[in-house]
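Notes follow the structure.
The values are calculated or read from the model by the stated rules, or taken from the named source; none is laboratory data. All figures in this text were calculated on a predicted structure; none of them were measured in a lab. Because the Cβ atoms are built from the backbone with ideal geometry, glycine has one as well, and the counts that use them run over all protein chains shown.
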């Protein structure tokens, strides 16, 4: 079904313009990527038109919510995928989010940090709350869990599903507003790099 | 002459007796007449102070020329050895404190001063204490891990300090070329210190940006180095030159049919595996299969326990002493498992996923379980009842037998329903059950519900006493019923639901088809589908784990591999999903509420409930 949506989107002229625009943007971003590559050669940018799946998720406060509505609340979104018992990658991703949070708050920009659990049966709201506390997550940073099916649907829709949670990789997705394209970063980025990419986001 | 020096050295080292552990004395290096491997062997095992003595001897050996070593020179060596011993008074004790200090830094992130370990990752990330501990990424065994495309390499001494030629191989998936072992020159104590402090490896290149830099003082660096040298170094008992021994455990009172089929399945799988592992089996082989020591013969010990649970610990210790095993695989109990759990923890013995109803509540390191058993079922039922809205019962009667499992289950349900507004009443099934239970069940009214925590024999008793039809929602434990639903009469089935921790329907059929084919091809009976699926999965999982472990047969590594591997690959178990991770010890985390369809088979009345 999601593929169907994407195909019909592809045919629409609106998307074609989007594609050209994003192409130009990618070119301009690649300049900043070159700057960035001095710090870390390890990350790749791309633009994606992902269809957000209509599933329900459970926020760390236990509230069951529509995932689409959570993403479409008006704030620009910066999203990653984590699980609480992950040892090497996730603590680093979460640390980076924590620094991004501090920097964006300082700049006074609107934002919504979204962390999706890829081990939802184990990551209870209570465990995520504890995890959030560890990384000093503020009111603009939410963690979501839910059923295995909903977590899988989200991972697949954003092309981050790699067969198993131990196979996951470091991906950050950003979107300026509902209906806009997603800007995708694959690899390891410093908080500064993410904040820099985030300030370019509204041009998308 | 060579031989004489060798004996002399042995004598010298024996005099400084407490420098040499029994392991080293027993080690195979003593059997070589040639002294060269003797030195090499000891150099690996000894730590700085200890092998300083050997360095002196080695210096004498090379500078004076071995063949021309006179009696006097030999005596000089001996004198030096003894002298060194006097200078380095009790180095073993010093070394042990050092190793212990290193262990705390590695596992707990606590420095020898007692303050938290500090690490710096990248420019912004400061790590402290547990978050900075080596174990976080390199794991307890030091064997490292693989997350996505991030390789966390093994850092135990036998990897770090080995040269290319003698470094063992560690890998995770040979088809994907996800190799944990990295090619590098042998580390020295100094180059390791630089790597830890400055993040520069032995080849002068920067380490992964994920590896923090640590500001450790000389004493702490020495401590960590000493710990790494001992970490995952000696193969445990149960690992022989050509054999690998496992045990399975049966507690008293287990249905003979279940016990027999479990043992038969395990023996069949072991001999099937051993026969195909022979070098000339004719089977197409992966090149990796040919790495020496992956062909060890599997052996099985069956440990049948007797008498009261209080005595099991001593029985297990005696069996383990007589026949040491590498790990306990599967096992079955319809009562407590706590003494086995405690034994595995104490002996640091991996105990992988037995078929039991009531695992201990505490998740320790060495035991892994399919689920939390009846405790999970209690939590699932409580969540289901709480979420019923207006239909949530006011009173719940639970019927159980006064044994470990019955008490564990009923107490868990009471705890799970605390503050729910549902009043829980207990009915303990005993030999006089009959009219009394019948009266209790008949007295249930509109806003009540009943839960049966009973194993097959007791279920039959209870349902004989039950009225023909129950006017209230009734539930029974799926894991305790062991698929014996014939004891539920047709009229009773209309109001009965099962708290069912296994998969249902077509997906179950598909997942279990491999087991059924396997049983058929080896003419093994199907006694209890869910139970046998657990045993079967254990055997397949063991094959996967050992093939990934190669010669790195360390208990901690086995559990880490299990944590990382469990959810990989196709699911041939009776559970919808099995998954673990660092620190997780219960693989399946939910259950269905299932009802009986017209043909008597089970169908899910709820989604998969994970009780948070």
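Of the residues making up the range B:579-609, those that are at the interface with chain A (Cβ under 8 Å from one of its Cβ atoms) and in contact (Cβ under 8 Å) with a residue 24 or more places away in the chain are B:582, B:583, B:584, B:589, B:590, B:608. When residue B:123 is tested against the conditions (1) buried (at least 20 other Cβ atoms within 10 Å of the Cβ); (2) out of contact with any strand residue (DSSP E or B) (no Cβ under 9 Å at 6 or more places or on another chain); (3) within 11 Å of chain A (Cβ to nearest Cβ), the lone failure is (1). Candidates in the range B:559-578 are the residues that are buried (at least 23 other Cβ atoms within 10 Å of the Cβ) and away from every other protein chain (no Cβ under 12 Å); of these, the one that is nearest to residue B:514 (Cα to Cα) is B:573.
Just for strands (runs of 3 or more DSSP E) wholly inside the range B:93-180: which have at least 1 residues that are farther than 19 Å from residue B:549 by Cα? Answer list for the range B:93-180: B:118-121, B:125-128. Residues of the range B:464-485 that are at pLDDT 90 or above and assigned to a helix (DSSP H, G or I): B:478, B:479, B:480, B:481, B:485.
Go through the range B:126-136 and give me each residue that's at the interface with chain A (Cβ under 7 Å from one of its Cβ atoms) and within 18 Å of the chain's Cα centre (by Cα).
Start the filter on the range B:126-136 by keeping residues that are at the interface with chain A (Cβ under 7 Å from one of its Cβ atoms), which leaves B:131, B:136.
Hit for the range B:126-136 is B:136, nothing else.
The set of residues in the range A:171-200 that are touching a helix residue (DSSP H, G or I) at 6+ places or on another chain (Cβ under 6 Å) and within 10 Å of another protein chain (Cβ to nearest Cβ) contains only A:191. Looking across the range A:95-153, the residues that are more than 10 Å from chain B (Cβ to nearest Cβ), assigned to a strand (DSSP E or B) and buried (at least 20 other Cβ atoms within 10 Å of the Cβ) come down to A:113, A:114, A:115, A:116, A:117, A:141, A:142, A:143, A:144. Against the conditions (1) crowded, with 20+ Cβ neighbours inside 10 Å; (2) over 30 Å from residue B:607 (Cβ atoms); (3) over 13 Å from the mean Cα position of the chain (by Cα), residue A:174 satisfies every one except (3).
Taken over the range A:96-122, the criterion of being out of contact with any helix residue (DSSP H, G or I) (no Cβ under 8 Å at 6 or more places or on another chain) and under 14 Å from residue B:612 (Cβ atoms) is satisfied by A:122 alone.
For (1) at pLDDT 95 or above; (2) over 18 Å from residue B:254 (Cβ atoms), each residue gets a yes or a no:
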{"residue": "B:327", "(1), (2)": "yes, yes"}
{"residue": "B:331", "(1), (2)": "yes, no"}
{"residue": "B:334", "(1), (2)": "no, no"}
{"residue": "B:344", "(1), (2)": "yes, yes"}
{"residue": "B:351", "(1), (2)": "yes, no"}
{"residue": "B:365", "(1), (2)": "yes, yes"}
{"residue": "B:373", "(1), (2)": "yes, no"}
{"residue": "B:378", "(1), (2)": "yes, yes"}
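Yes or no: the range B:214-232 includes at least one residue that is touching a strand residue (DSSP E or B) at 6+ places or on another chain (Cβ under 8 Å) and surrounded by 15 or more Cβ atoms within 10 Å (Cβ to Cβ). Looking for residues that are touching a strand residue (DSSP E or B) at 6+ places or on another chain (Cβ under 8 Å) and surrounded by 15 or more Cβ atoms within 10 Å (Cβ to Cβ), one finds at least one in the range B:214-232, hence yes.
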